[in-house]
Number of protein chains: 2
Amino acid sequence: MAPRGNLMDYRPDVAVLDCTMRDGGLVNDFFFTDEFVRKLYQADLAAGVDYMEVGYRASKDLFDPEKFGKWKFSTDEDIYSIVGDNNTDLKISIMADVGRCDFKRDIGERSNSPVDLVRIATYINTMPAAIEMIEHCTKMGYETTCNIMAISKAKESDIDAALDMLGRSPVGTFYLVDSYGSLYPEQIRHMALKYLDIADKYGKRVGMHAHNNQQLAFANTIDACAEGVSLLDASMNGMGRGSGNCMMEQIISFLKNPKFKLDPVVKFVQNEMIPLRESGLVWGYDTQHLLTGLLNVHPRAAIKYTKEGRKDCRNFYLELLDDD
Amino acid sequence: MAPRGNLMDYRPDVAVLDCTMRDGGLVNDFFFTDEFVRKLYQADLAAGVDYMEVGYRASKDLFDPEKFGKWKFSTDEDIYSIVGDNNTDLKISIMADVGRCDFKRDIGERSNSPVDLVRIATYINTMPAAIEMIEHCTKMGYETTCNIMAISKAKESDIDAALDMLGRSPVGTFYLVDSYGSLYPEQIRHMALKYLDIADKYGKRVGMHAHNNQQLAFANTIDACAEGVSLLDASMNGMGRGSGNCMMEQIISFLKNPKFKLDPVVKFVQNEMIPLRESGLVWGYDTQHLLTGLLNVHPRAAIKYTKEGRKDCRNFYLELLDDD
């Protein structure tokens, strides 16, 4: 299929979701200051970003609120305290993991909430539980997406079945998620067409969430976009677990819709993100994350390697091969 | 056109050129120790790399040998002192810039030289001078490539004319060069097909040399490869001017030809490249190089910004816009 759109013009259907606080929260256990969050909200507004994801809505029964910042739980009250009534074009998103969110208790009517979109993250073997959450959130009035994680480990036939289940559900958007940063652009283009094929059949939208293990997060995101994917995840300076995500500054500079402005993003990166790095938080491409990415495994070993300050990436490589 | 090859198998025509010393030499003015160069040679041999580029052969009349390391000049004697008779499958390459190399004096018979390949770098407005060099080097017995730089600033009609001149010349390989790191994969795929079309007509090979300003060096290299490009430049840990190049560890882990081995590359990165970074040499992706890349300008302003230790990337962005 020829690319949708071209590099001179823009597709008005393409929207951007800022996942700095949610995926980046995995780097600092969600301890963002209120000042940071307010400035991020202002930067996203000025940049023309479509959705700002403030964090997870995890269950306080499962995770100790003493051990995590408040954006692990993202209560309506905490969101209101930042965005007020949010009479803007910037929609607010939260993520809810299958099995880690008490959605019946913690996700109530949209009319009483500052949240617009609930993104439901699931592994492929818990699709029925994801669909139960989608149905609940839809009934409560929210937009929904379903983010099927770790598909690089899943069989194509299972992915087909899961997408068909989603097609028949009330979900708004299917997400193509490269959890381990292991997929090459050629594979992403192929997967994007598969997702789009089923999405088109059922009138859904497709999103892309990339990881940067092989420095392919931006390439995979824009290649998916060229195939027709239209909800693109990015984070400021790529902040996210391990090797991080597609960078907001990359994607905003790529998109040609005049509503997107790069200047507020560059300013935010300078004033907030570089200082976060200098404070000791670590994310982004490095050799250890390349190695977990190319071996298609969870980044946890690379994150541990980094935390331990190890520099023997050759031994690390041999250990990964041994685990395989 | 469907991709040539697939992700499970390999194309035996795909070769890798290590440009660590040549493009990386632009970071440290070519002051590599003999020990580093010997270890790099051993690592490339063990990794199955096809060509090792040791540096430029610049004219000592134009550049002061007191101010540069010896790999700015890469004399036959200096190369012999590292590789001896080089009875291996690893070929030796040098680069010669149009207007900066006294080729009639400094590039003699291949039978008296350890060099196998001369890569001739030119801007598009000096093609006749490049062809004169190609003819000379061919007559002396060398393999040749022609690397037309800064094509992101050139008109398609001029590129077509230059490729046709090269087609009719004795050059062996045309190089697709993204000097400013400004080209997106979609553009690279399009350009690769253009280059391949003319190359196929004249029985030539096509190469790819990428820069990492937008973190697209690896993606652009493998996408060009999938279209049929078969000589791929990479450098250890991406060492190269400004944002650097496609990383050897990325490309060797991607290619499926069993002759390529990742382990020696990871070991070299650990033992030699990380210490080089820790010694204060700077290369690789950062916001300032993203900005020059997306604005399609020479990285010199970003290199200066880095050297001055500036952290005001937002002002830098405004300055670049002002220069435009």
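The values are calculated or read from the model by the stated rules, or taken from the named source; none is laboratory data. The shown structure was predicted, so the numbers you read here are calculated from the model rather than taken from an experiment. Here the Cβ positions follow ideal geometry from the backbone for every residue, glycine too, while neighbour counts run over all protein chains shown. Accessible surface is based on the protein model in full, side chains and every heavy atom, while ligands, DNA and RNA are left aside. Shrake-Rupley method; radii C 1.70, N 1.55, O 1.52, S 1.80 Å.
In sequence order, what are the phi-derived ³J(HN,Hα) couplings for the stretch A:298-314 according to the Karplus relation 6.51 cos²θ - 1.76 cosθ + 1.60 with θ = phi - 60°, rounded to whole Hz, with x for glycine and proline?
These are the phi-based 3J(HN,Hα) values: 3, x, 4, 5, 5, 5, 5, 4, 5, 4, 7, x, 5, 10, 9, 5, 5 Hz.
What are the nm distances, shortest first, from A:PRO170 to its equivalents in the other copies, labels at 7 Å along Cα→Cβ?
7.5
One decimal, nm, shortest first: give the distances between the label point of B:GLU135 and those of the same position in the other copies, each label point 7 Å from Cα along Cα→Cβ.
Here B:GLU135 shows inter-copy label distances of 7.9 nm.
Tell me the Kirkwood radius of the stretch A:184-245: reciprocal of the mean inverse pair distance over distinct alpha-carbon atoms, in Å.
One decimal place: 11.8 Å for the Kirkwood radius.
Collect residues whose amide H, placed 1.01 Å from N in the peptide plane, falls under 5 Å from the amide H of A:LEU176; neighbours closer than 5 in sequence don't count.
When sequence neighbours closer than 5 places are left aside, the close amide H contacts are A:GLY207, A:MET208, A:HIS209.
Calculate the translational D of the stretch B:253-315 in whole µm² s⁻¹ from Stokes-Einstein, where the hydrodynamic radius comes from the Kirkwood formula applied to all Cα pairs, the temperature is 10 °C and the viscosity 1.306 mPa s.
This corresponds to a translational diffusion coefficient of 111 µm²/s.
Volume per residue, Å³, of the convex hull around the alpha-carbon atoms of the stretch A:47-136? Intermediate values should be presented prior to the final figure.
On the way: hull volume 10.1 nm³, N = 90.
Dividing the Cα hull volume of the stretch A:47-136 by its residues yields 112 Å³.
With θ set to phi - 60°, apply the Karplus curve 6.51 cos²θ - 1.76 cosθ + 1.60 along the stretch B:32-41 and write out the HN-Hα couplings as whole Hz, x wherever there is a Gly or Pro.
Once rounded to whole Hz, the list reads 8, 6, 4, 5, 4, 5, 5, 5, 5, 4.
Mind listing the label-point distances from B:GLU308 to the same position on all other copies, shortest first, one decimal in nm, points 7 Å along Cα→Cβ?
Ordered by distance, the counterparts are at 4.3 nm.
Kindly list the residues of the stretch A:130-165 that lie in the label zone of A:LYS201, defined by a backbone N under 12 Å from the point 7 Å along the Cα-to-C-beta vector.
The answer is A:160-165, whose backbone nitrogens lie closer than 12 Å to the label point.
Kirkwood Rh, Cα Rg: Rg to Rh for the stretch B:21-62? Write out the running numbers ahead of the final one.
Numbers: Rg = 11.6 Å, Rh = 11.3 Å.
Dividing the radius of gyration by the Kirkwood radius yields 1.02.
Would you mind giving the average projected area, over all directions, of the Cα convex hull of the stretch A:166-324 in nm² with one decimal?
That works out to 10.8 nm², a quarter of the Cα hull's surface.
Per residue and in cubic angstrom, what volume does the convex hull of the Cα atoms of the stretch A:208-289 have?
It is 80 Å³ per residue.
May I ask for the accessible area buried between chains B and A, both sides summed, probe 1.4 Å, to the nearest 100 Å²?
For chain B against chain A, roughly 3600 Å² becomes buried.
Roughly how crowded by other chains is peptide A:266-275, in terms of the mean Cβ count from those chains within 10 Å of each of its Cβ atoms?
Taking the mean over all residues of the peptide, I get 4.
Could you give the spread of the C-alpha atoms of the stretch B:146-227 along their three principal axes, from largest to smallest, in whole angstroms?
That works out to 35, 24, 17 Å along the principal axes.
Taking the convex hull of the Cα atoms, report for the stretch A:1-75 its projected area averaged over all directions, in nm². Before the final figure, lay out each step's value.
Details: hull surface 29.6 nm².
Mean shadow area of the hull around the Cα atoms is 7.4 nm².
Need the full-extension length gain, A:ASP102 to A:ARG300, defined as separation in residues times 0.36 nm minus the C-alpha distance. One decimal, nm. Provide the component values of the computation, followed by the final result.
On the way: separation 198, 0.36 × 198 = 71.28 nm, distance 2.56 nm.
Taking A:ASP102 through A:ARG300 to full extension adds about 68.7 nm, to one decimal.
Please state, to two decimals, what the Cα-based radius of gyration of the protein assembly as shown comes to when divided by 2.2 N^0.38 Å (N = residues). Mind showing how you got there, number by number?
Working: Rg = 25.4 Å, N = 648, 2.2 N^0.38 = 25.8 Å.
This ratio for the protein assembly as shown stands at 0.99.
Over the C-alpha atoms of the stretch A:113-167, what are the Rg and the largest Cα-to-Cα span, Dmax, in Å?
11.9, 38
Show me the ranking of peptides A:283-293, A:104-114, B:187-197, B:278-288 by mean Cβ neighbours inside 10 Å, starting with the highest.
Packing proxy ranking, top to bottom: A:283-293, B:187-197, B:278-288, A:104-114.
For the pair A:LYS311/A:ASP61, report the inter-label distance in nm, with labels modelled 7 Å from Cα in the Cβ direction.
Placing both labels 7 Å along Cα→Cβ, they lie 4.9 nm apart.
Over all distinct alpha-carbon pairs, what is the Kirkwood Rh of the stretch B:89-241 in angstrom?
It is 15.6 Å.
Excluding same-chain residues fewer than 8 positions from A:LYS311, which lysines have a Cα within less than 21 Å of its Cα?
Leaving aside lysines fewer than 8 places away in the same chain, those within reach of A:LYS311 are B:LYS39, B:LYS261, B:LYS267.
Please list, by residue number, every one of the trypsin sites (Lys or Arg not before Pro) in the stretch A:227-324 that is coil in DSSP and has at most 13 other beta-carbon atoms within 10 Å. Don't skip to the answer; put the middle values down first.
Working: sites: A:ARG241, A:LYS256, A:LYS259, A:LYS261, A:LYS267, A:ARG277, A:ARG300, A:LYS304, A:LYS307, A:ARG310, A:LYS311, A:ARG314; in loops: A:ARG241, A:LYS256, A:LYS259, A:LYS261, A:ARG310, A:LYS311.
Passing both the DSSP loop test and the Cβ count: A:LYS259, A:ARG310.
Give the distance, in whole Å, between the Cα centre of the stretch B:1-73 and the Cα centre of the stretch A:37-110.
Centre-to-centre distance over Cα atoms comes out at 49 Å.
Suppose every K and R has +1 on its Cβ and every D and E has -1 on its Cβ; what is the size of the dipole of the stretch A:101-244 about the Cα centre, in Debye to the nearest 20? Please list the in-between numbers first.
Numbers: 14 positive and 18 negative charges, 35 e Å.
Computed about the Cα centre, the dipole is about 160 debye.
Once phi is turned into ³J(HN,Hα) by the Karplus curve 6.51 cos²θ - 1.76 cosθ + 1.60 with θ = phi - 60°, what whole-Hz value does each residue of the stretch A:110-124 show in order, with x for glycine and proline?
With coefficients 6.51, -1.76 and 1.60, one gets 4, 5, 9, 9, x, 7, 9, 10, 10, 9, 9, 9, 8, 8, 5 Hz.
Given the rotation relating A and B, tell me which residue in A puts its Cβ closest to the axis and the distance in Å.
Its Cβ sits closest to the axis: A:ALA219, 2.
Using a 1.4 Å probe over the heavy atoms of the protein chains, calculate the carbon and sulfur portion of the accessible area of the protein assembly as shown as a whole percent.
Carbon plus sulfur share of accessible area: 49 percent.
Within 10 Å of each candidate Cβ there may be at most 12 other Cβ atoms; applying that plus a DSSP loop requirement, which trypsin sites (Lys or Arg not before Pro) in the stretch A:6-84 survive?
A:LYS67
Return the tail of the calculated pair distribution for chain A, meaning the percent of Cα-Cα pairs more than 28 Å apart. Mind dumping the intermediate values first?
Values: 19347 of 52326 pairs.
Of the Cα pairs, 37 percent sit more than 28 Å apart.
Could you compute the FRET efficiency for A:ARG4 and A:LYS153, with r as their C-beta to C-beta distance and R0 at 41 Å, rounded to 0.05?
0.90
Show which aspartates and glutamates lie in cross-link reach of B:LYS204 when reach means a straight Cα distance below 14 angstrom and same-chain residues fewer than eight apart are skipped.
Reachable aspartates and glutamates: B:ASP13, B:GLU143, B:ASP164.
Amide H to amide H under 5 Å from B:PHE31: which residues, 5+ apart in sequence or cross-chain, H placed 1.01 Å off N in plane?
B:GLY69
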